[in-house]
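A.B. asks: The structure follows.
The values are calculated or read from the model by the stated rules, or taken from the named source; none is laboratory data. The shown structure was predicted, so the numbers you read here are calculated from the model rather than taken from an experiment. Glycine also receives a Cβ, built like all others from the backbone with ideal geometry; neighbour counts cover every protein chain displayed. These area figures cover heavy atoms from the full protein model, side chains too; ligands, DNA and RNA do not enter into them. Shrake-Rupley method; radii C 1.70, N 1.55, O 1.52, S 1.80 Å.
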Amino acid sequence: MRLPFDARMAATLEHLKPPVVSFHFGLPPEPLLARVKSTGARIIGNATTLEEARWLEERGVDAIVAQSFEAGGHSGRFLGSSPAEALGLFALVPLVADSVSLPVIAAGAIGDERGIAAALTLGASAVQLGTAYLHTPEARISDVHRERLFTVPTLFTNLMTGGLARGLRGRLIDELGPVRGEVPPYPLASEALAPLRAAAEKQHEYGFGPMWAGQSAPLGRPLPAADLTRTLAAGTLAILRREA
Ligand SMILES: Cc1cc2nc3c(=O)[nH]c(=O)nc-3n(C[C@H](O)[C@H](O)[C@H](O)COP(=O)(O)O)c2cc1C
């Protein structure tokens, strides 16, 4: 089960000294954050709103991921804004870039080189792609998840972990509806669901576990990850040079 960042995790970072540490749901309490900063790591925080971006800047992060409504996986929303107010990438990136004086990393439904060029044009310094890499042979996902990336729409659900996250429809969501009030809070729902999920997956039914994906999933290409990265970089540079 995923647990909050604690003193043991801080000690692990002090030992390993990774160059970058990225937090998704806000930041750890100040004494723990100070320990991470003192390792020399660059710290990245995730913002889904302008308020969150400013909050992260005030606490001294080095860069901000601007994660939009369309992104696959968990929304990093942490200051209590309503999910109904969630911003799309085309609004979020320029608004965050104008509001903070830190590098902004755009994340959410960037599916190909056109999306990367658009995000950079909107004010991002870099991009973060998740779903595009689910198509690569390196991604350890079920064949069902892989196939459905091309065919099944995504939605926000809290059934899988208790936190709102974007993924593909499946049996559990179809039976119960995507969002239920009685689901245990994040991350407890995943433990509660685990026996049912394990039993279902033995029968090759993958709709009782998360099949995370962002809205641009059907744009994906099944290339090895290194080739995909090179193809995306070259394609983006070609677009930006054409438009320069
Ligand atoms: C399968 C999957 C797993 C993810 N797991 C994490 C995670 O563990 N921590 C995290 O910060 N973000 C996670 N994300 C979210 C990404 O950091 C990022 O916000 C998102 O992938 C960007 O949108 P895109 O998927 O449309 O490219 C995950 C995304 C996907 C698709």
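A.B. asks: Across region 8-53, what is the total count of residues that are among the small types (Gly, Ala, Ser) and within 14 Å of the ligand (Cβ to nearest atom)?
C.D. replies: Selection size over region 8-53: 4.
A.B. asks: How do the pairs read when you match residues in region 148-168 that are at pLDDT 95 or above with residues anywhere that are open to solvent by less than 10 Å² (accessible area, probe 1.4 Å) and of a type in the set (S, T, N, Q), using Cβ under 7 Å and keeping only pairs 6 or more apart or on different chains?
C.D. replies: Final answer for the pair search is Ala165/Thr157; Gly167/Thr157.
A.B. asks: Hey, can you tell me all the residues within region 190-221 that are among the hydrophobic types (A, V, I, L, M, F, W, C) and within 16 Å of the ligand (Cβ to nearest atom)?
C.D. replies: Met211, Trp212, Ala213, Ala217, Leu219
A.B. asks: So, one more: Within region 145-160, can you find the residues that are hydrophobic (A, V, I, L, M, F, W, C) and open to solvent by 40 Å² or more (accessible area, probe 1.4 Å)?
C.D. replies: The answer is Phe150, Phe156.
A.B. asks: Could you identify the single residue in Pro178, Pro185, Pro222 that is at pLDDT below 95 and under 23 Å from Glu70 (Cα atoms)?
C.D. replies: Numbers: Pro178 fails: at pLDDT below 95; Pro222 fails: at pLDDT below 95.
Pro185 is the lone residue from the list that is at pLDDT below 95 and under 23 Å from Glu70 (Cα atoms).
A.B. asks: Go through (1) within 13 Å of the ligand (Cβ to nearest atom); (2) without any contact (Cβ under 8 Å) to a residue 24 or more places away in the chain; (3) of a type outside the set (Lys, Arg) and name the single condition Tyr133 misses.
C.D. replies: Single failed check for Tyr133: (2).
Conditions (1) under 26 Å from Phe25 (Cβ atoms); (2) touching a helix residue (DSSP H, G or I) at 6+ places or on another chain (Cβ under 6 Å), marked per residue:
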{"position": "Asp174", "(1), (2)": "no, no"}
{"position": "Arg197", "(1), (2)": "yes, no"}
{"position": "Gln203", "(1), (2)": "no, no"}
{"position": "Pro210", "(1), (2)": "yes, no"}
{"position": "Ala217", "(1), (2)": "yes, yes"}
{"position": "Pro224", "(1), (2)": "no, no"}
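A.B. asks: With respect to Ile116, is the statement that it is open to solvent by less than 30 Å² (accessible area, probe 1.4 Å), at pLDDT 95 or above and within 14 Å of the chain's Cα centre (by Cα) true?
C.D. replies: no
A.B. asks: What are the residues in region 119-130 that are within 12 Å of the ligand (Cβ to nearest atom) and open to solvent by less than 20 Å² (accessible area, probe 1.4 Å), if any?
C.D. replies: Passing the criteria: only Ala119.
A.B. asks: In addition: What pairs come up if the first residue lies in region 4-25 and is aliphatic (A, V, I, L, M), the second is away from the ligand (no atom under 12 Å from the Cβ) and open to solvent by 50 Å² or more (accessible area, probe 1.4 Å), and their beta carbons are under 8 Å apart, counting only those six or more places apart or on different chains?
C.D. replies: The qualifying pairs are Ala10/Arg35; Leu13/Arg35; Val20/Arg42; Val21/Arg42.
A.B. asks: For Val100, which of the numbered conditions (1) crowded, with 19+ Cβ neighbours inside 10 Å; (2) within 16 Å of the ligand (Cβ to nearest atom) fails to hold?
C.D. replies: Single failed check for Val100: (2).
A.B. asks: Run down Glu30, Glu51 and say which single residue is closer than 22 Å to Val100 by Cα, of a type outside the set (A, V, I, L, M) and more than 23 Å from the chain's Cα centre (by Cα).
C.D. replies: Glu30
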